[in-house]
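Undergrad: What follows is a single structure, and I will ask about it in a moment.
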Amino acid sequence: MGKVKVNLLKKVDNSYEIIIGKGLLSQVVKYIADSNYGRVAIITDTNVKKLYGKKFLSMLKDKKVLAELFSFNAGEASKTREVKEKLEDALTRSRFKRDSVVIALGGGVVGDLAGFVASTYMRGIPFIQVPTTLLAMVDSSIGGKTGVDTRYGKNLIGTFYQPKIVFIDVEVLKSLDRKEMLNGVVEMVKHGIISDKKYFLFMRDNIDRIYNLEEKILIEAIKRSCQIKKSVVERDEKESNVRKMLNLGHTIGHAIEKASEYKLSHGISVGMGLVVETKIAERLKMIHPVESRKIIDLIKKLGIKMNLSGINVRDVVKNTFYDKKHTARKTNYVLPVEVGKVVIDVPVKEKIVFEVLQAA
Ligand code: GLY
């Protein structure tokens with residue numbers, strides 16, 4: 001018998017900066033022009049291509065950067081292995097090599113898909129996040145989760161792969177409608193519930209200013225959300241423990257979204273998920289009704305009504321089984337115990353989930 005040890009003890013520094021401001025696209029162009037990437041692949045969707053993609057491409061070309069734009073049909077339906085394969089083949093045909101960089105220009109679907117492409121293309125090339133939705137700014141562009149959906153659920157295939165830098169330009173939020181803004185606002189409220197009561201109250205008191213894109217408040221809110229998310233990710237990058245808290249509202253939220261065949265938006269579904277999971281916590285006597293009221297009232301203030309008409313509650317319960325937090329024998333929940341504090345890994349019986357959903 002012979003024995004050979006492959007020594008791969010690693011010390012890696014995957015740290016990166018999140019730059020938040022107004023009118024940053026030209027700063028991104030300067031950052032790329034000053035770096036020594038061989039080729040730049042802007043990956044975006046058909047909507048963002050029209051709004052910012054073409055302009056961004058020509059700004060890069062003006063600086064003599066070798067850039068090309070790749071787009072796919074806008075929408076969650078594109079977040080698949082098939083679209084990933086098409087993008088990879090397009091990059092290969094255009095002879096993108098290991099010295100290339102991917103720029104994910106768009107919302108969460110673009111970021112997840114482009115990040116996943118970057119993480120496996122030629123065994124991994126760097127990527128930069130330029131989120132164009134509020135949801136992507138405060139959530140998916142930070143923390144390195146990449147991936148695609150399958151017929152069994154969302155984000156079931158993917159990688160942890162951190163971007164080199166994130167540029168958040170609040171100017172692009174001008175093109176977002178209220179429904180899109182709500183997707184991000186719900187995640188920001190979630191950040192308050194999981195770890196920062198003051199921020200929860202800040203969000204409660206400033207909702208209208210955020211919707212009105214009041215620059216100072218908006219940048220402050222995005223920064224505070226990024227700080228909460230980054231401190232969770234720093235403690236647990238690969239979601240072995242505390243990062244699970246970011247899934248508050250999502251076990252039920254994703255299950256509702258899927259049961260509605262994605263007719264309900266992510267924001268509305270997660271908002272309802274926050275309400276249902278808070279009620280589950282109340283039912284288990286883990287949260288005082290006064291605290292639970294504060295959460296439910298703020299979700300209501302956002303304009304989200306608890307309404308599951310047309311949705312089969314049994315389908316919602318069944319969908320929770322495909323949640324990544326579902327171990328072989330039970331579904332684990334993240335539940336609030338007060339505003340600013342949650343507990344993770346709470347096994348909840350199917351019967352309780354069903355009853356709370358039915359009464360919701
Ligand atoms: N969106 C949850 C996370 O990034 O962990």
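Undergrad: Ranking request for peptides 203-213, 330-340, 140-150, 69-79: highest mean number of other beta-carbon atoms within 10 Å first, then the rest in descending order.
TA: Values: 203-213: 15.6, 330-340: 20.5, 140-150: 22.9, 69-79: 17.8.
Ranked from most to least packed, the peptides come out as 140-150, 330-340, 69-79, 203-213.
Undergrad: Once amide H atoms are placed 1.01 Å from N in the peptide plane, what residues at a sequence separation of 5 or more from residue 342, or on another chain, have their amide H within under 5 Å of its amide H?
TA: 337
Undergrad: As I understand it, the dipole of the chain uses +1 on the Cβ of Lys and Arg and -1 on the Cβ of Asp and Glu, about the Cα centre. Which of 116, 75, 20 lies farthest toward its positive end?
TA: Positive-end residue among those listed: 116.
Undergrad: Per residue of region 178-195, what does 6.51 cos²θ - 1.76 cosθ + 1.60 with θ = phi - 60° give for ³J(HN,Hα)? Whole Hz please, x for Gly and Pro, Karplus curve as stated.
TA: 4, 4, 5, 4, 4, 3, x, 4, 4, 5, 5, 4, 4, 4, x, 4, 6, 8
Undergrad: Based on the mean of other beta carbon atoms within 10 Å per residue, what is the order of 32-38, 269-275, most packed first? Write out the running numbers ahead of the final one.
TA: Values: 32-38: 13.6, 269-275: 27.1.
Those peptides, ordered most packed to least, come out 269-275, 32-38.
Undergrad: Springs between alpha-carbon pairs under 10 angstrom, Gaussian network model over the chain: which of 263, 197, 49 fluctuates most?
TA: Result: 263 has the largest fluctuation of those listed.
Undergrad: Moving to a separate point now. Can you tell me the FRET efficiency between residue 89 and residue 17 if r is taken as the Cβ-Cβ distance and R0 is 41 Å, rounded to the nearest 0.05? Mind showing how you got there, number by number?
TA: Details: r = 32 Å, r/R0 = 0.79.
Plugging the Cβ-Cβ distance into 1/(1 + (r/R0)^6) gives 0.80.
Undergrad: Tell me, what ³J(HN,Hα) does each residue in region 128-133 have, in order and in whole Hz, if you take phi through Karplus 6.51 cos²θ - 1.76 cosθ + 1.60 with θ = phi - 60° and put x for Gly and Pro?
TA: Here the 3J(HN,Hα) series is 10, 9, 10, x, 10, 10 Hz.
Undergrad: Let's test the formula: R0 of 30 Å, r as the Cβ-Cβ distance of residue 175 and residue 231. What FRET efficiency results, to the nearest 0.05? Spell out each step's value before the answer.
TA: On the way: r = 30 Å, r/R0 = 1.01.
Efficiency, rounded to the nearest 0.05: 0.50.
Undergrad: So which of 10/341; 258/330; 10/30; 61/216; 258/285 end up more than 24 Å apart, counting from Cα to Cα? Before the final figure, lay out the partial values.
TA: Numbers: 10/341 34 Å; 258/330 20 Å; 10/30 32 Å; 61/216 32 Å; 258/285 29 Å.
In this structure, 10/341; 10/30; 61/216; 258/285 exceed 24 Å between Cα atoms.
Undergrad: Using the Cα centre of the chain as the reference point, and only Cβ charges (+1 on K/R, -1 on D/E), how large is the resulting charge dipole? Debye, rounded to the nearest 20. List each step's numbers first, then the result.
TA: Details: 63 positive and 42 negative charges, 141 e Å.
It comes to approximately 680 debye.
Undergrad: Could you calculate the FRET efficiency of residue 1 with residue 238 from 1/(1 + (r/R0)^6), where r is the beta carbon distance between them and R0 is 41 Å, rounded to 0.05?
TA: On the way: r = 34 Å, r/R0 = 0.83.
Efficiency computed from Cβ-Cβ geometry: 0.75.
Undergrad: Continuing with this model, one more query. Looking at region 52-164, send over the antiparallel percent of its DSSP beta bridges, to the nearest 5.
TA: Values: 5 of 10 bridges.
Taking every DSSP beta bridge within region 52-164, about 50 percent pair in antiparallel fashion.
Undergrad: As a test, work out the antiparallel percent of DSSP beta bridges whose residues both lie in the chain, rounded to the nearest 5. Kindly include the intermediate steps, with their values, before the conclusion.
TA: On the way: 11 of 33 bridges.
Restricted to the chain, the bridges split so that about 35 percent are antiparallel.
Undergrad: Compute the distance in nm between two label points, each set 7 Å from the Cα along the Cα-to-Cβ direction, one at residue 206 and one at residue 301.
TA: 1.3
Undergrad: Sort the following peptides by mean Cβ neighbour count (other Cβ atoms within 10 Å, averaged over residues), highest first: 181-187, 103-109. Before the final figure, lay out each step's value.
TA: Numbers: 181-187: 24.4, 103-109: 28.6.
Highest-to-lowest ranking by the protection proxy: 103-109, 181-187.
Here, each number is a calculation from the coordinates, and none is a lab measurement. Remember, predicted model here, so these are calculated numbers, not experimental data. With ideal geometry, Cβ positions are generated from the backbone for all residues, glycine too; neighbour counts draw on all protein chains shown.
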